Amino acid sequence: MGFSSGLPLMTVLTLLQAWLKDGGVDLKLIGFLTLARLPYSLKFLWAPCLDRYAPFGRRRGGWLLLSQIGLFLSLWGLAWTDPRLLTRAALLAFAVSFCSATQDVAVDAYRREDLRDDELAAGSAAYLWGYRLGMVLVSGGGLVLADRLGWPTVFQAAALLTIVGPLTLLWSPEPAAGLGRPRTLKESVIGPLKDFFGKRRPWLLLGFVFFYRFGEQLITALNTSFFMEAGYTKTQIGLVVKGFGLASTLAGVALAGTAVRLRGLAPCLWAFGWLQLLNSACLTALWLLPAKPAYLAFFVSLDHLAVGAGSTVFVAFLAAQTNVSYTGTQYALLTSVMALPGSLMASPAGWLVQLLGWPCFYLLGAALTLPGLAMLRALIKSGLAGLPAGLADLTGQPDGPDGPDGSDEPGGPGGSGGQGQSRPAS
C-alpha cells in the first residue's frame, strides 16, 4: 500500500515537470500547472465522504479500489497525450493527484483500523518503506526510461505498476473496526471535529502536531541549494542523496519501528525529536568544513536517518489519535496540520537564508524544534498525550490501565486508544 501511494506522488512532482519541459512548454506555465498538486493539501474536504459511504466495502473493496482504478486510467491517458495540449494535460495531472490523495486517505484509514495500537509503529514503518521505494523507482527509473524509450512508455509503465494496489487488496482483510461508520454525511463532517475537540486540551495536541516537525520541514526546503553553495557538484549531490540518503531513510524507518516495539511510542517521540534537533544543528558544520564527499555522505545520512525515524513515530502517533469511526477525516485533518509548516515556510526560507546566512538558518531550524518537544513533555506529564494503552511513557515503563498518571483517559471502543477495536493478535 505504501508503494501504491508513493508512486503517483512522484509522478506528479517529478515526471510531469520533465515531460512538460521536454515538450517545450513555457516554464511559467509549468509552474502554474503545479497547482495540480492541490488535492494533496485539500484531501480533508472530501475525506468525510470516504468515512460515510462504503461502495463495495468501506475500505478494502470500496474507495481504495476505485481510486486505484482512477489512477490507472489517468496515467494511461497521459501516455496518449501531447504535453502541448495543456488543458488535457492539466486535467489528467489533476485526476492523478485527486485519485492519489483519495487513495492516501483510504490507506491511512485502513492502516489505523486494521492494526492494533501496538502494531501502529511497525505498520507505519512497513508503509514508509514501500512509499520510499515507490518514489525512488518512479523518480529515478522513470527519468532513465524516458531517455531510452520515450514518455509514452514511461506513463504506461507507471500505470501498469499501479496494479500492485489491487493485487495487494486480494490478500487484505476488511478491517473489523471499520464497521462503525457515521450514519449521515453531516455526522461524518461534524462528528470528527466534535470527537477531537471533546478531548482535554485539544489545542495543546494540535500545537504539538504543528511544531514537532517544524524545524525539520524548514531546513529541508532548501537542502539542495545549501549543498550546492557549500561547494558540492550536482553529480555528488545526486549520487550521495539517492544512495546514502535512501539507505539512511530506510534504516531510520526500520529503527523507529523496532524501537517503538521495544520501548514504546512516547520515549521514541522524545528521542527522535532530539535527533531531529541535533541534525539541524549539525548541518551548520557542513558549511564550515571543506567540500569533501565523505562529509556530505555523513551529514546526509544523519539527516535522512533523523527524518525517517521521526516520520515513522509521528505517523504512528497521528494514527493513534483517531477515532476508528472517523479515521479518514481525522487523519486527513491531522496530516494537513502537520504539513502546514512546510507550506508556510517554503516561500520565506530563501529570505531567511539571505538575512541570517546558512549557519544561523540551520540553528534557527534546531531552535524551532524545541516548542514541539516542550509540548510533548507537557502532554505526557499531564497524562494527555493520547498515547494508546499498553505503550510506554518516557521512562519506558508500561502505562497503567487508566493512563500514565492514573487519569481516566478514554480508551474504549471508539476512543483513540482502544486496543480491542481491531483484529486479534495472530
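Read the figures in this text as sums done on the coordinates, not as results from a lab. Quantities reported herein were computed from a predicted structural model and do not represent experimental measurements. Here the Cβ positions follow ideal geometry from the backbone for every residue, glycine too, while neighbour counts run over all protein chains shown.
Structure notes:
- Peptides 150-157, 330-337, 198-205 ordered by average Cβ neighbours within 10 Å, highest first: 330-337, 150-157, 198-205
- Subtracting the Cα-Cα distance of LEU364 and ALA285 from their residue separation scaled by 0.36 nm leaves 27.0 nm.
- Magnitude of the charge dipole for the range 80-131, about its Cα centre and with charges confined to Cβ atoms of Lys, Arg (+1) and Asp, Glu (-1), is about 400 debye.
- Ascending count of other beta-carbon atoms within 10 Å, so fewest first, for VAL12, VAL241: VAL241, VAL12
- Cα-based Rg of the range 95-157 normalised by 2.2 N^0.38 Å, two decimals: 1.45
- What separates the Cα centres of the range 76-147 and the range 287-360 is a distance of 19 Å.
- Tail beyond 22 Å, pair distance distribution of the range 1-181 (Cα, percent): 45
- The ranking of MET228, MET10, MET1 from fewest to most other beta carbons within 10 Å of each one's beta carbon is MET228, MET10, MET1.
- Cross-link pairs LYS43/LYS242; LYS43/LYS194; LYS242/LYS292 - those with Cα-Cα distance over 23 Å: LYS43/LYS242
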